[in-house]
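Undergrad: Quick one: this structure, given as C-alpha cells, is what I'll be asking you about.
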Amino acid sequence: MFIRRVRKKTPKTGTTYFYHQLVESYRTPKGPRQRTLLNLGKLDFEPKDLKGLANRIEEILCGQCPAFPCSRQIEQMARHFASLLRKKRLQGSLPQPQAPKQTWQTVDPESLKSEDVRTVGAETVGAWAYEKLQMTRILRNSGFNEADIERAKVLIVGKLIHPASERETFQWFQQRSALDEVMGIEAKHVSLSSLYRTCDRLVAQKEAVEQSLVEKERDLFGLGEKIILYDLTNTCFEGNPSAQETQRGASREKRSDRPLVTLAMVLDEDGFPKTSKVFPGNVSEPGTLEAILGELLLYRPRQPCPTRPTVVIDTGIATEANLQTIRTKGLDYVCVDRRRVHEASEGNPTVVHDGPSGVVKAIRSADSSEVFLYCESPGLYQKEKSVKNRFRMRFEQDLQRLADSLEKKGGIKKYEKVLERIGRLKEKYRLVARFYEIRVEEKDGKAVGLSWELKDEQGLEQRFSGRYRLRSSRTDLSDRELWDLYNMLTQEETSFRSLKNELSLRPIHHRVSHRIQGHLFVTVLAYHLLCVIQRALHAADIHHPWTTLRRHLSGQVRVTTSMVNDNGLVIHIRHTSEPEPVHLEIYNALGLQPRPLKRLMAIE
C-alpha cells in the first residue's frame, strides 16, 4: 500500500486543490495494476510520513506490531483509516484476497482481538419506529433530498436513543453507535454543519411533516381523536441566547437565573402529538390557546375526528375568553373552574374514583349549557396540607430572621428597607402570606419591632382543602366520565416529563431563533417515535420507562472480531452480540429479529 497525492481543479472557479488516496498495487495477467482503496482527504504530512502512515495502516490490517516507532498522530490516523477500510471490506465494496471456502479455520487464540464496538439494540428499535411511520417517505414528499433524509435519521433517531445537543449527537453517531449500519447511512456524508442545515430544513417544513405524521398515525392505529389535551411547558437556556423567543419568566424548573422559551403542545387521548408551537418564555398561558387551536383546525389532515371533540385544559388557561373561543370554534371543553368555590352545592355525593390515595367524591350541579362537578379528594388534601405546612414554616422562619436582625448590630433597620424585605417575602410565599397580618413598629424612620399573626385561618384551610370544581360543556357525560376526562390531562404532563427527562428537551444551547426551534421540533419528532414504541410495548404488557428500556438495549452491541489463521491471513468478522432475555422480550413485542444485522467476514 502507498498514499498518492492527487491534484484536482474545480471547473467553476478554477481553484486547484490537493487530496490523498490510499492505493494498493496488485498483479493481473496483463501486468501490475493499482486500485484506490480509500479517499483520505487532505493530509498535512511530510512525504516521508505518508509512507510511514501507509505502512502502519497495512500493519494494523494484518494484525502486526509496528516495525518502527511512529508518532502519536500517525498512529491515531492509521487506526482510523484501517477501521474505515475494514468496514468497506466487510460490506463487500472492496475486493478481498482469495482464500479457500471452508467452514473450519485454524486460528491462533493469542491473536484474537475485538474492536469497533458499537451499540445496536436501541438503534434497531428506533429504526423500527422510524420505518413504521414511513418517515423517509414523509420527508421525501416534503421536498427533502436523499442526503438530508439520511441526516434527518441521525437527528431524529439519535435524539430518541442518545438525547443531547446536536454536537453531542454527532459525536455519539461517529464514535459509539451502529446507527449507520442499522439504517444504511453513509457516515462520511454526515458532518456537524450538515446536521445543523438539515435541522433548519425540518423547521422550514414543520407544517407539512406534522400533518403527514398525524395522518399516518391515524391510519396506523385508528386513533379516536375525540379528546384534545392542551398544555404548555418551558425550558431554560445555557449560554447567551439572542433570539426573540428567549425571555425571562416563571421557570417550571426553578431556573429563574436563565432565559426561557415556551413549548405548547396538543395531544389526543392516546398521547400522540397533533401540533406544537414555540412561544416566548414570558408568554401568558391564556393568550396561547386561540393561536394553537387555529393552527390545529387550519390544516385538514391534522383536524380531529368529524364528531365534536372536547378540549381539556388546565386552570391557568381556562379563562372566560378562552372558553368562549372554544365554543365559537365548535368544540366542547373540560377544565377546573378558575373561580374557587369553598362550599359544595346541595345534593348527594357520588364516588367518581376509588384508588390507593382515597375515595374521590363529587356533587353535580348544572344549568342549560354547562355542568359543574364539585370534587373532594383526600389524596389532594394531603398533598396541599403538606405544601401549606411547608410554606407556613418557611415564611414564619424568614419573618423571625428579619425580626432578629432588627436587634443585631449592623442589621438593616431602615423602615422603608424593612418594608421592602417583607414585600419580597410576601411574593415568595404568596400562597400563604395573604392570610397573615404583619405589623412593623416605626420610630424616627427606623423599624424597631416586627410582629405577625395568622388572621384568616379558615381562609387558609379552605385554600388548601383538597377541593376543586370541574366545569364542562359536556352535559351529556356522567360524573365519573367527566372526572376521568379531566384526568386525561395527566397524559400531557407525562408527555412533557418524557420530553424533558427521557428526550432531553432541556437545556437548550443555541442562540438563534431557527436553531432553537429546530432543537425543540426534533425532540417532538423523536417523541412521535417514542409513542409508537410505547404503544406496541404496552400492548405486550411491557410498561418500563424509556430510560430503562434504552439502558437495557444498550447491552447489545455490534463488534468486529479479528484473528490470524494458520496461513498467516487475518480473518475479520463483524457480528452482533447474542441477545439477553430482556432484549428478547422487547424484540418479540415489536416483531423484530433478535440478532440485528447479518454477520460479515473478510480475510486479508
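The values are calculated or read from the model by the stated rules, or taken from the named source; none is laboratory data. Treat the numbers as computed from the prediction; the structure is a model and nothing was measured. FYI the Cβ positions are ideal-geometry reconstructions off the backbone, even for glycines, and counts take in every protein chain you see.
Undergrad: Within the range 176-193, which residues are in a helix (DSSP H, G or I) and modelled with pLDDT under 90?
TA: Answer for the range 176-193, where residues must be in a helix (DSSP H, G or I) and modelled with pLDDT under 90: A187, K188, H189.
Undergrad: Inspect the range 287-307 for any residue being in contact with a Lys or Arg (Cβ under 8 Å, 6 or more places away or on another chain), of a type in the set (V, I, T) and at pLDDT below 75 and give the result as yes or no.
TA: yes
Undergrad: A further question on this structure: So in the range 547-562, with the set limited to residues that are under 16 Å from V117 (Cβ atoms) and not in a loop (DSSP other than H, G, I, E, B), which one is nearest to the chain's Cα centre (by Cα)?
TA: Here is the first cut: in the range 547-562, the residues under 16 Å from V117 (Cβ atoms) are 553-562.
From what's left, not in a loop (DSSP other than H, G, I, E, B): 553, 557-562.
Numbers: L553: 18, V557: 23, R558: 25, V559: 28, T560: 31, T561: 34, S562: 37 Å.
Among residues in the range 547-562 that are under 16 Å from V117 (Cβ atoms) and not in a loop (DSSP other than H, G, I, E, B), the one nearest to the chain's Cα centre (by Cα) is L553.
Undergrad: I'd like the full set of residues that are charged (D, E, K, R) and farther than 26 Å from Q593 by Cβ, limited to the range 147-174.
TA: D148, R151, E166, R167, E168
Undergrad: Just give me the residues in the range 423-438 being assigned to a helix (DSSP H, G or I) and touching a residue at least 40 places away in the same chain (Cβ under 8 Å), in sequence order.
TA: L431, V432 - these are the residues of the range 423-438 that are assigned to a helix (DSSP H, G or I) and touching a residue at least 40 places away in the same chain (Cβ under 8 Å).
Undergrad: Where the second residue is of a type outside the set (A, V, I, L, M, F, W, C) and the first is within 27 Å of E437 (Cα to Cα) and lies in the range 368-394, which pairs have Cβ atoms under 6 Å and are six or more apart or on separate chains?
TA: The qualifying pairs are Y381/G466; E384/G466; F391/Y429.
Undergrad: Among the numbered conditions (1) touching a strand residue (DSSP E or B) at 6+ places or on another chain (Cβ under 6 Å); (2) surrounded by fewer than 18 Cβ atoms within 10 Å (Cβ to Cβ), tell me where S165 comes up short.
TA: It is condition (1) that S165 fails.
Undergrad: Which of the residues that make up the range 13-63 are closer than 24 Å to E604 by Cβ and polar (S, T, N, Q)?
TA: Q21, S25, T28, Q34, T36, N39, N55, listed by residue number.
Undergrad: Find the helices (runs of 4 or more DSSP H) located wholly in the range 476-546 whose residues include 2 or more that are more than 23 Å from K153 (Cα to Cα), at pLDDT below 85 and β-branched (V, I, T), and list them.
TA: 489-497
Undergrad: Does T36 satisfy the condition of being closer than 22 Å to S83 by Cβ, hydroxyl-bearing (S, T, Y), out of contact with any His (no Cβ under 6 Å at 6 or more places or on another chain) and assigned by TED's automatic domain parsing to the domain that holds H80?
TA: So T36 passes the test.
Undergrad: Based on what the data block shows, is A447 in a strand (DSSP E or B), touching a residue at least 12 places away in the same chain (Cβ under 8 Å), more than 30 Å from S357 (Cβ to Cβ) and among the hydrophobic types (A, V, I, L, M, F, W, C)?
TA: Yes.
Undergrad: Going through L454, L470, L460 one at a time, which residue ends up being surrounded by 14 or more Cβ atoms within 10 Å (Cβ to Cβ) and either over 26 Å from F272 (Cα atoms) or out of contact with any Phe, Trp or Tyr (no Cβ under 9 Å at 6 or more places or on another chain) (or both)?
TA: Just one listed residue meets the conditions, L460.
Undergrad: Mind checking which residues of the range 233-284 are surrounded by fewer than 20 Cβ atoms within 10 Å (Cβ to Cβ), at pLDDT 80 or above and among the basic types (K, R)?
TA: Listed by number, the list holds a single entry, K277.
Undergrad: Can you tell me which residue in the range 451-471 is nearest to L419 (Cα to Cα), limited to those that are touching a helix residue (DSSP H, G or I) at 6+ places or on another chain (Cβ under 6 Å) and modelled with pLDDT under 90?
TA: Among them, the one singled out is F464.
Undergrad: Out of all the residues in the range 371-422, which are among the hydroxyl-bearing types (S, T, Y) and in a helix (DSSP H, G or I)? Outline the logic, then answer.
TA: Of the residues in the range 371-422, the ones among the hydroxyl-bearing types (S, T, Y) are 374, 377, 381, 386, 405, 415.
Of everything in the range 371-422, those that are among the hydroxyl-bearing types (S, T, Y) and in a helix (DSSP H, G or I) turn out to be Y381, S386, S405, Y415.
Undergrad: Take the residues in the range 385-410 that are small (G, A, S) and loosely packed, with under 12 Cβ neighbours inside 10 Å; name whichever of them is nearest to G466 (Cα to Cα).
TA: S386
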